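Structure record follows, encoded as structure tokens.
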Amino acid sequence: MSTPPAMLHPELLAPSDTPAIVRDGRRLDHAEAASKPLRSRPEPQPRGAKIHGNRPVDQAEAAARFIAAPEHEKMHDERLWDLRQKRDREMHGIDEWEELRALASAIKEHTLTHLDEYLEQFEANARSNGIHVHWARDAAEHNRIVHGILKDHGAKSLIKSKSMLTEECGFRAYMASVGIEVVETDLGERIQQLDNEDPSHVVVPAVHKLRTDVAEVFSKTIGTDPDNSDVHYLAEAQREATRPLILKADAGMTGCNFAVAETGGITVCTNEGNADLSANVPRLHIASIGIEKVIPRLEHLAVFVRLLSRSALGSPITQYTSHFRGPREGGEMHFVLVDNGRSTRLGMEEFWTSLKCIRCGACMNTCPVYRRSGGLSYGATYSGPIGLIIDPTFNAHKYSNLPFASTLNGSCSNVCPVKINIHEQIYAWRRELVKRHEVPFAKKAEMKAAGALLSRPAAYRAAIAAADVALAHLPRFVIYNGLNAWGRHREVPHPPKQTFHSWHHANRGGKS
Ligand code: SF4
């Protein structure tokens, strides 16, 4: 039991009274001595889409929750727009930017149309460099292969750098199920791992979190002060907690940004040097490589490296551009080449060029829908514009709502460093989903009715005139009610006194 404060008679103490606070031998009796500074409670972090098995993900519902958290929405929007502006500044600093984009697009298209040849060349050269090469048809096979390698080496712990491919494969969950400890070494990815959340962005996985969210996660998992959200403090605490795990890990894993057929080597780009730690500290290095990552020659790297970081973060180059060409002395290196639906996508006439993607995230940073709804609202591995065209290739039913989460403004296609016609593919997916009967009946019926009206000028004008009268007289609840999702987020403008058509008719006699 604590000693009662000397200046207060014990009988006057309430059970909840705290012991006196003494500083420099002097009791502090003021309220400030015993209380904490007033703080407003940080805004709780909005969580991502609710997943119900194979049911279509309701992106709009999750986005509405994100928008309802104004601090998060504002921070997210501003942070990503800042990246977009930095990207623009870098782009304007390079006269041949458009040539680089055209070249990158052409290299990727050429490689994808000769993918079998370049993959075989890559495999042969990697093997001659002393690397073990494995082929995985899908996510399950990838996970089994990696587990087999780890088992052969008696490895029980694995450190890894960020890899969207391993996210695609549900790799961490699989490793947990077979008793292997996985530690993410990228700071953002580690935050997401500790919070048991997926990455919300392909480059900056925890970009949707405020500092206070990170402080909360770290206080619960690595024991930091929950009231201290200083970024230096948090980063240092995380380094202190993770370094020992890195040093004692049995194996290391990286992803791959580019796989060079000519050399059989891979290139990994990071800003924290964590891929180098993952690849070099343990003796066993495993790299997971999507088959679309292959490029023909070393000289082509120069094109992509100039574009990647400028497009992603608006920086001229990543802090580390690491090349891995073979195992170090006494070590072992394995490449796992993963298909997981890529061959099928390559055969899709309207969507195969999405395989050109170098995962820079520029399309996400510029997208007004993504910036205001957060990556986790998409409920899929890939979010933002690139997610809208990739996710349905994995599961058209589950992700059938996603291609509608776009304004089709084309900004994504304009910033894409490999010139993917993203907004056109989003639109193509809408048509495809209608063909596959993956669009709800009500939406289809509305579109059909709108199509019929818009294709008949006389009927359209009559409908507009009727709507103008109705809008002026109808009670508000007819439009703004719980049953009308359209009215929930929009305010109909007051109808003008005269339509353009009637003005034109009156002033120009119907002549142009
Ligand atoms: S689609 Fe283009 S802009 Fe988007 S992540 Fe891929 S390469 Fe970057």
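Quick look at the numbers
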item	result
Residue check for Asp95: modelled with pLDDT under 95, open to solvent by 40 Å² or more (accessible area, probe 1.4 Å), acidic (Asp, Glu) and assigned to a loop (DSSP other than H, G, I, E, B)	no
Residue in region 348-360 that is of a type outside the set (S, T, N, Q), away from the ligand (no atom under 16 Å from the Cβ) and not in a strand (DSSP E or B) present	yes
In region 275-310, the residues that are more than 16 Å from Glu109 (Cα to Cα) and open to solvent by 10 Å² or more (accessible area, probe 1.4 Å)	Asp276, Leu277, Asn280, Val281, Arg283, Leu298, Glu299, Ala302, Val305, Arg306, Leu308, Arg310
Residue list for region 456-488, restricted to those being among the basic types (Lys, Arg) and in contact (Cβ under 8 Å) with a residue 24 or more places away in the chain	Arg461
Residue ranges of helices (runs of 4 or more DSSP H) in region 121-224 with at least 3 members surrounded by fewer than 19 Cβ atoms within 10 Å (Cβ to Cβ)	139-152, 171-177, 211-221
Ala506 vs. criteria under 21 Å from Leu453 (Cβ atoms) and surrounded by 10 or more Cβ atoms within 10 Å (Cβ to Cβ)	no
Test result for Arg345, within 16 Å of the chain's Cα centre (by Cα), within 29 Å of Ala287 (Cα to Cα), within 16 Å of the ligand (Cβ to nearest atom) and surrounded by fewer than 22 Cβ atoms within 10 Å (Cβ to Cβ)	no
Entirely in region 241-319, the strands (runs of 3 or more DSSP E) that have 1 or more residues that are touching a Phe, Trp or Tyr at 6+ places or on another chain (Cβ under 6 Å) and either more than 23 Å from Lys151 (Cα to Cα) or modelled with pLDDT of 95 or more (or both)	258-260, 265-270, 284-290
Any hit, region 68-80, residues being within 30 Å of Val294 (Cα to Cα), surrounded by 12 or more Cβ atoms within 10 Å (Cβ to Cβ) and either modelled with pLDDT of 60 or more or out of contact with any strand residue (DSSP E or B) (no Cβ under 8 Å at 6 or more places or on another chain) (or both)	yes
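Rundown of residues vs (1) on the phi < 0 side of the Ramachandran plot; (2) not aromatic (Phe, Trp, Tyr), yes/no style:
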site	(1), (2)
Arg328	yes, yes
Gly331	yes, yes
Gly341	no, yes
Cys357	yes, yes
Arg372	yes, yes
Tyr378	yes, no
Ile386	yes, yes
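The values are calculated or read from the model by the stated rules, or taken from the named source; none is laboratory data. Note that the structure is predicted; figures quoted are calculated from it, not measured. Ideal geometry is used to build each Cβ from the backbone, glycine not excepted, and the neighbour counts take in all protein chains shown. Each accessible area value is taken on the protein alone, full model and side chains, heavy atoms only, with ligands, DNA and RNA left out. Shrake-Rupley method; radii C 1.70, N 1.55, O 1.52, S 1.80 Å.
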